[in-house]
Amino acid sequence: MHRAPLPLSLVITVTTATLLGACDDFDPTQALYRYAHRDSTEAPAPPVAPQRKVLFIGNSLTYYNDLPSLVQSLDASIAAESVTAGGVALSAHWSAGAAPLRIAQGHYTHVVLQERTYEPLTNPVGFHDYVRRFASAAEATGAKPVIFEAWAHRDQSDEMYANPWSGGSPDAMQSLLLA
């Protein structure tokens, strides 16, 4: 007997849930059994309504890697939006006003803050100041602030890694960012 291939979404769900232990009571064999024995006239399940609303505030690392969409694709219970601009620090986002306004009006559950990669090393006082400002704004609306640490760039010129604050290499800079 030839069976049609399983939908990719079911395979990904079963694989992900199994590997990550997404639910203590999730049994992949039951999910596959239910799919194989479903009534073909049965209406599809309604889409999952987002239970968490996340705002990403950052620069090109968030924008070009499309982190909001990536996060949404991993969990249907998340709705994600963003305020981004290339090369912009959190201080510039705060001064421009759009990001604090979105926090105040958005009813978010989480606000993810992504700073320029080197800002915590070159301007730690300013970095902490603006993280505190954004965190306070988020908490005032009931949202949980989350700091998304950017990564050291492997493709940067030797000029960047000649600066003492960088540690001299991408690996050293990443260690400093994690400290």
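Couplings 3J(HN,Hα) for the range 94-104, derived from phi with the Karplus relation 6.51 cos²θ - 1.76 cosθ + 1.60 (θ = phi - 60°), are 5, 5, 5, x, 5, 5, x, 5, 4, 4, 5 Hz, where x marks Gly and Pro. The Kirkwood radius of the range 52-148, taken over pairs of alpha-carbon atoms, gives through the Stokes-Einstein law at 25 °C and 0.890 mPa s a diffusion coefficient of 186 µm² s⁻¹.
Between Val83 and Phe56, Ile57, Gly58, the built amide H atoms are under 5 Å apart, and every one of these is 5 or more places off in sequence or on another chain. Along its first, second and third principal axes, ordered by size, the range 93-179 spans 43, 21, 21 Å in Cα coordinates.
Phi angles across the range 107-123 convert, under the Karplus curve 6.51 cos²θ - 1.76 cosθ + 1.60 with θ = phi - 60°, into 3J(HN,Hα) values of 6, 8, 8, 9, 10, 9, 10, 10, 8, 4, 3, 8, 4, x, 8, 8, 9 Hz, Gly and Pro given as x. Sequence-ordered 3J(HN,Hα) estimates for the range 67-77 from the Karplus curve with 6.51, -1.76 and 1.60 and θ = phi - 60° stand at 4, x, 5, 4, 5, 4, 5, 7, 8, 5, 7 Hz, glycine and proline given as x. Shown for Leu90, Leu67, Leu74: other C-beta atoms within 10 Å of each C-beta, ranked fewest to most, produce the order Leu74, Leu67, Leu90. Computed about its Cα centre, the charge dipole of the range 73-151 is approximately 160 debye, with only Lys, Arg, Asp and Glu carrying charge at their Cβ.
Rule-based calculations on the coordinates, nothing more; no lab input. Since the structure is predicted, the reported quantities are computational estimates derived from the model, not experimental observations. Every residue, glycine among them, receives a Cβ derived from its backbone with ideal geometry; neighbour counts consider all protein chains shown.
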